[in-house]
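Beneath this line is the structure, given in structure tokens, with notes to follow.
The values are calculated or read from the model by the stated rules, or taken from the named source; none is laboratory data. Given the structure is predicted, the values throughout are model-derived calculations rather than measurements. Heads up, the Cβs are rebuilt from the backbone with ideal geometry, glycines too, and the neighbour counts pull from every protein chain shown. Keep in mind that these areas ignore ligands, DNA and RNA; they rest on the heavy atoms of the full protein, side chains included. Shrake-Rupley method; radii C 1.70, N 1.55, O 1.52, S 1.80 Å.
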Amino acid sequence: MRLAIIACAVAALVLTGCSSTTPQASAGFTAAAQSAPVPSVIPPTAAPTAAPTAAPTAAPTAAPTAPPTAAPTPAPTAAPTPPPTPAPTVAPTPAPTPTPAPTVAPSPTLGFTPGTTAKPRVVAITADDQLNFFPNVIQAAQGETVTFQIKNAGKANHEFMLGPAADAFADTEGTPEVADIGAGQTKDLTFTFTGPGPYAFACHEPGHFEAGMLGYVVVVGPDVPIAGTLDNPRLVEIAMNDKLKFDPSDVAATPGETITFLITNLGTATHEFAVGPADKVDADEVDGKIVVEADEIIARHLKTVTYTFDGPAPYAFACHEPGHFQAGMRGTVTIVGP
């Protein structure tokens with residue numbers, strides 16, 4: 001830079017001197033100049049100014065590197081709990097097939113509160129001149145005490161004997177009874193049914209029992225056999241009425257069972273009762289052995305038929321009074337059990 005300034009200054013001086021000299025002087029100068037040439041001052045060439053070297057740029061200071069964030073330590077994964085090992089399945093041992101118990105005929109159910117010795121149950125019975133007791137079938141619980149009130153609704157005298165059926169029917173001495181029940185009178189007899197029966201009642205005024213003046217007490221209790229036998233038949237009441245129906249119209253029996261049917265006529269028309277194999281009953285083939293019958297059962301009377309169901313089913317019972325069977329007066333005996 002300084003060298004440039006000096007060169008400029010010299011040049012200015014040369015130029016100034018030349019312009020202020022007279023021509024003569026100029027000529028001599030010129031001659032002198034021509035004889036001794038004035039050395040040309042060549043300004044020294046300035047050394048090229050080196051471009052300023054930029055101070056080396058400091059390497060940028062790296063932003064402080066944050067220490068690497070440690071990856072969160074995963075919560076320890078619990079080892080999966082293995083499913084419980086199932087207990088070995090034991091094939092169920094098939095229960096032994098039970099031997100089916102024989103199905104028994106249903107026993108009657110009580111429709112009353114049994115009486116006691118302190119408070120007997122009262123049952124009213126009428127006796128009439130048609131030589132009937134009504135009702136003529138009574139139900140009692142085993143062990144209960146019943147007071148029978150017998151009213152004579154007719155004019156003839158009657159009596160009332162009650163006890164085991166064989167004794168009552170045979171007029172056995174010592175069997176409980178009330179005698180000489182006159183017209184319009186009412187007399188009582190109290191009795192406790194300690195055993196399974198069968199029990200019955202009867203009137204033994206001359207000719208009355210023979211005309212059918214009798215009745216039965218059907219006992220219900222734990223000691224009463226469910227299935228009847230030849231020695232002790234089961235008592236089953238069947239009522240008939242003027243609608244030409246049996247009630248019940250179906251009776252259950254076990255194979256070989258013996259039943260005594262107590263057939264009561266609650267209506268005014270006369271009926272009959274035949275029981276046996278269904279085809280023979282329907283055909284009215286009464287022979288007294290295979291088909292057994294009680295006929296001419298008049299109003300309010302009771303008759304009995306005893307039958308053993310030891311043959312092939314089906315069985316039936318029917319009334320063959322004119323038009324009755326055709327009107328549907330028929331029932332069935334269903335054999336239950338093996």
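Which numbered condition trips up Val236, out of (1) open to solvent by less than 50 Å² (accessible area, probe 1.4 Å); (2) at pLDDT below 95?
For Val236, the failing item is (2).
Please work out if Pro225 is free of Cβ contacts under 8 Å to residues at least 60 places away in the same chain, open to solvent by 50 Å² or more (accessible area, probe 1.4 Å) and within 36 Å of the chain's Cα centre (by Cα).
In short, yes.
Every residue in segment 244-302 that is of a type in the set (A, V, I, L, M, F, W, C) and at positive phi, please.
Correct list: Leu244 only.
One residue is enough: does segment 186-193 have a residue meeting the conditions open to solvent by 10 Å² or more (accessible area, probe 1.4 Å), among the charged types (D, E, K, R), part of a loop (DSSP other than H, G, I, E, B) and modelled with pLDDT of 95 or more?
There is no residue in segment 186-193 that is open to solvent by 10 Å² or more (accessible area, probe 1.4 Å), among the charged types (D, E, K, R), part of a loop (DSSP other than H, G, I, E, B) and modelled with pLDDT of 95 or more.
Does segment 144-151 contain any residue that is among the polar types (S, T, N, Q), open to solvent by less than 40 Å² (accessible area, probe 1.4 Å), touching an Asp or Glu at 6+ places or on another chain (Cβ under 6 Å) and under 17 Å from Tyr199 (Cβ atoms)?
Within segment 144-151, one or more residues are among the polar types (S, T, N, Q), open to solvent by less than 40 Å² (accessible area, probe 1.4 Å), touching an Asp or Glu at 6+ places or on another chain (Cβ under 6 Å) and under 17 Å from Tyr199 (Cβ atoms).
Quick one: count up the residues across segment 134-143 that are within 11 Å of Phe193 (Cα to Cα) and in a loop (DSSP other than H, G, I, E, B).
Qualifying residue count, segment 134-143: 2.
What about Pro206, is it open to solvent by 50 Å² or more (accessible area, probe 1.4 Å), without any contact (Cβ under 8 Å) to a residue 12 or more places away in the chain and either more than 18 Å from Lys151 (Cβ to Cβ) or touching a strand residue (DSSP E or B) at 6+ places or on another chain (Cβ under 7 Å) (or both)?
Taking the combined requirement at face value, the residue satisfies it.
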